[in-house]
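Participant: I have a structure here, written as structure tokens, and I will follow up with some questions on it.
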Amino acid sequence: MKILKCVFLVFTNLLLAQNYIPIDTLDKTARELAASSFENSAGEWVKSIQNKYPKKIGKLMAKNYEEFNKEFEKKIKEGTFIYDSRFSSYVDSIFNQLKKGNSNLPQNLIFLISKDPSLNAYCLPNGTFVLNMGLFYWLDNDDEFASVLAHELSHDMLKHSLKTEEKRVSDQLSTSTKNQIKSIKKQKYNKSSAALDLFKAKLYATGEMRKNNEYQADSLGFVLLKNSPFNEMVFIDALELMAEYDSVKLKGVKENIYRKIFNLPNQPFNENWFKTEDFSNYDYSLYQEKINKDSISTHPEIEDRIKKLKSSFTFVNKNSIKNKPSKEFVELQRIAHFEQIPSMYFFEEYGKGIYLSLIQLQKNSKDFYYREWMGKCFEKIYEGRKNYKLNRYLERVDPENQTKSYQRFLNFMWNLSLDEIKNISDYYNKKTST
């Protein structure tokens, strides 16, 4: 029975891959329309901001937002977002259900689906919301997705982004800050140290404000969910998934799959590819080491956020039955699963794309979908190695922050010669006889 079940699962996975139709990436018209729409709406919004605040503050805020909007518009044109009715219709339906018990929700919002495979979402101050495709991959059901959307809607309703920028600009223009900068410039010694201390103080203050914003958005988001048809108890579940995702490190590729996948007709597997290199002296932190990351974290520890929610709403400690995902959500989960590696490819994360391909090929080494994407990623790795830009596409070994499995993968990749990489690329891109 077990053998039959395994054969069935492999066959099912192969069938799913064969039947999967990738999301259209030749959507230039859709991108141009979206960019134009964003440019118009964001432009009008910037004008309103400039008139809303005192002259100097409003002018600088408008300038900052104009610069950001140009970069964001560029991302739209480059193809960072997808325009697929299955996703847009689903998000609209979730938003409409949230509105049923929350008539105070803002109107005329824009929802964009990013190709980003991470579990994250954010909102811009002009009512544009970015929802990563990773939400569909990592979350379990519609209730959890609604909780993430409710959290982001709360940020918008509470004007968190706008208030943070106003405070930052006001502080920048304040007499106190100007006097501090003048004082540092007059110093004969330790100017750099004094400037860094001032920078950290400003950064920490903004970080604390953002932490409080997260707590507030959690509380209001929970209320929005409670007022809607969704199960508000999963708000905690979604946060716990985020905590788990934050702690998940790339793992799961075993040694034997390397010998199976990279033992080619014209290039037998070489055990020396597993040779461990010493990258312990490589400095990954550089300047950032001088700043305490915890002090400026924009998302406070999720465990603390969960505790605060439970203390504010005591009934969330009660156990609740988790609802099954809708057919629509399951379908979007399936799409998000297959789009993970294409997304890695788009964001030039070619090393991680190969690693994720190997994880899938462990289940079925003949899966053409992942063999094909692995070949595409290897072609880019070859180009990077040839042009001395491999660091851009492939991480260095970092024992303190990587699993043994991922370290082995990185060692393997860095041990490959340029010709060996090309042979693998050619083989999986079918540029040579098999």
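The values are calculated or read from the model by the stated rules, or taken from the named source; none is laboratory data. The structure presented is a predicted model; accordingly, all values stated were derived computationally and were not measured. We place every Cβ from the backbone using ideal geometry, glycine too, and count neighbours over all the protein chains shown. Heavy atoms of the whole protein, side chains included, go into the accessibility calculation; ligands, DNA and RNA do not. Shrake-Rupley method; radii C 1.70, N 1.55, O 1.52, S 1.80 Å.
Participant: If the requirement is being more than 19 Å from Gly252 (Cα to Cα) and over 23 Å from the mean Cα position of the chain (by Cα), which of these qualifies: Arg408, Arg385? Break it down into steps so the answer makes sense when it comes.
Facilitator: Working: Arg408 fails: more than 19 Å from Gly252 (Cα to Cα).
Answer to the selection: Arg385.
Participant: Taking Leu119 as meeting all but one of (1) more than 18 Å from Pro106 (Cα to Cα); (2) open to solvent by 40 Å² or more (accessible area, probe 1.4 Å), write down the number of the exception.
Facilitator: Every listed condition holds for Leu119 apart from (2).
Participant: Name the residues in region 95-120 that are within 22 Å of Asn227 (Cα to Cα) and in contact with a Ser or Thr (Cβ under 9 Å, 6 or more places away or on another chain), would you? Even if it seems obvious, please write down each step before you answer.
Facilitator: Keep residues of region 95-120 that are within 22 Å of Asn227 (Cα to Cα), which gives 95-109, 111.
The answer is Gln97, Leu98, Lys99, Lys100, Gly101, Asn102, Asn108, Leu109, Phe111.
Participant: Can you confirm whether Phe38 is surrounded by 18 or more Cβ atoms within 10 Å (Cβ to Cβ), modelled with pLDDT of 90 or more and in a helix (DSSP H, G or I)? If you could, list the steps in order and put the result at the bottom.
Facilitator: On the way: surrounded by 18 or more Cβ atoms within 10 Å (Cβ to Cβ): yes; modelled with pLDDT of 90 or more: yes; in a helix (DSSP H, G or I): yes.
Taking the combined requirement at face value, the residue satisfies it.
Participant: I'd like to check something: does region 369-378 contain any residue that is open to solvent by 60 Å² or more (accessible area, probe 1.4 Å) and at positive phi?
Facilitator: The answer is no, given that none of the residues of region 369-378 is open to solvent by 60 Å² or more (accessible area, probe 1.4 Å) and at positive phi.
Participant: One residue is enough: does region 84-92 have a residue meeting the conditions more than 18 Å from Glu339 (Cα to Cα) and more than 19 Å from the chain's Cα centre (by Cα)?
Facilitator: yes
Participant: Something else about it: What are the residues in region 100-126 that are in contact (Cβ under 8 Å) with a residue 60 or more places away in the chain and more than 16 Å from the chain's Cα centre (by Cα), if any?
Facilitator: Within region 100-126, Lys100, Gly101, Asn102, Leu105, Ile110, Pro125, Asn126 meet the criteria.
Participant: Just the residues that are surrounded by 14 or more Cβ atoms within 10 Å (Cβ to Cβ) and outside any loop (DSSP other than H, G, I, E, B), please, taken from region 384-402.
Facilitator: Hits for region 384-402 are Gly384, Arg385, Leu390, Tyr393.
Participant: Within region 388-399, how many residues turn out to be over 22 Å from the mean Cα position of the chain (by Cα) and of a type in the set (D, E, K, R)?
Facilitator: Matching residues across region 388-399 total 1.
Participant: Further question on the same structure: For region 158-177, enumerate the residues that are of a type outside the set (Lys, Arg) and under 23 Å from the mean Cα position of the chain (by Cα). Write out each step before concluding.
Facilitator: Step one: filter region 158-177 for residues of a type outside the set (Lys, Arg), giving 158, 160-162, 164-166, 169-177.
Once the filter is applied, which keeps residues that are of a type outside the set (Lys, Arg) and under 23 Å from the mean Cα position of the chain (by Cα), region 158-177 yields His160, Ser161, Leu162, Thr164, Glu165.
Participant: Run down Ile341, Ile354, Ile424 and say which single residue is more than 21 Å from Pro117 (Cβ to Cβ) and touching a helix residue (DSSP H, G or I) at 6+ places or on another chain (Cβ under 6 Å).
Facilitator: On the way: Ile341 fails: more than 21 Å from Pro117 (Cβ to Cβ); Ile354 fails: more than 21 Å from Pro117 (Cβ to Cβ).
Among Ile341, Ile354, Ile424, only Ile424 is more than 21 Å from Pro117 (Cβ to Cβ) and touching a helix residue (DSSP H, G or I) at 6+ places or on another chain (Cβ under 6 Å).
Participant: Give all pairs with beta carbons closer than 8 Å in which a residue from region 403-431 that is outside any helix (DSSP H, G or I) and open to solvent by less than 40 Å² (accessible area, probe 1.4 Å) meets a residue that is among the β-branched types (Val, Ile, Thr) and modelled with pLDDT of 95 or more; count only pairs at least 6 apart in sequence or on separate chains.
Facilitator: As it stands, the answer is Leu416/Ile424, since those pairs meet every condition given.
Participant: Quick check on Leu109: is it touching an Asp or Glu at 6+ places or on another chain (Cβ under 8 Å) and either open to solvent by less than 60 Å² (accessible area, probe 1.4 Å) or within 22 Å of Ser326 (Cβ to Cβ) (or both)?
Facilitator: Numbers: touching an Asp or Glu at 6+ places or on another chain (Cβ under 8 Å): yes; either open to solvent by less than 60 Å² (accessible area, probe 1.4 Å) or within 22 Å of Ser326 (Cβ to Cβ) (or both): yes.
Against the criterion (touching an Asp or Glu at 6+ places or on another chain (Cβ under 8 Å) and either open to solvent by less than 60 Å² (accessible area, probe 1.4 Å) or within 22 Å of Ser326 (Cβ to Cβ) (or both)), Leu109 qualifies.
Participant: Is at least one residue of region 137-147 crowded, with 21+ Cβ neighbours inside 10 Å and either farther than 25 Å from Ala243 by Cβ or β-branched (Val, Ile, Thr) (or both)?
Facilitator: No, region 137-147 contains no residue that is crowded, with 21+ Cβ neighbours inside 10 Å and either farther than 25 Å from Ala243 by Cβ or β-branched (Val, Ile, Thr) (or both).
Participant: Of the residues Ile359, Ile381, only one is of a type in the set (Val, Ile, Thr) and surrounded by fewer than 21 Cβ atoms within 10 Å (Cβ to Cβ); which?
Facilitator: Values: Ile381 fails: surrounded by fewer than 21 Cβ atoms within 10 Å (Cβ to Cβ).
So the residue among Ile359, Ile381 that is of a type in the set (Val, Ile, Thr) and surrounded by fewer than 21 Cβ atoms within 10 Å (Cβ to Cβ) is Ile359.
Participant: For region 382-402, which residues satisfy the criterion of being under 12 Å from Trp414 (Cα atoms) and in contact with a Gly (Cβ under 7 Å, 6 or more places away or on another chain)?
Facilitator: Leu390, Tyr393, Leu394, Glu395
Residue-wise test of (1) modelled with pLDDT of 85 or more; (2) in a helix (DSSP H, G or I); (3) of a type outside the set (Phe, Trp, Tyr); (4) open to solvent by 80 Å² or more (accessible area, probe 1.4 Å).
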position: Ala201; (1), (2), (3), (4): no, yes, yes, no
position: Ser219; (1), (2), (3), (4): yes, yes, yes, no
position: Phe222; (1), (2), (3), (4): yes, yes, no, no
position: Phe230; (1), (2), (3), (4): yes, no, no, no
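Participant: So, in region 64-122, how many residues would count as being of a type in the set (Gly, Ala, Ser) and farther than 22 Å from Pro22 by Cβ?
Facilitator: Our first condition is that a residue be of a type in the set (Gly, Ala, Ser); within region 64-122, this holds for 79, 85, 88-89, 93, 101, 103, 114, 118, 121.
Keeping just the survivors that are farther than 22 Å from Pro22 by Cβ gives 93, 101, 103, 121.
Qualifying residue count for the region: 4.
Participant: For region 65-79, how many residues are closer than 19 Å to Asn40 by Cβ and open to solvent by less than 80 Å² (accessible area, probe 1.4 Å)?
Facilitator: 5
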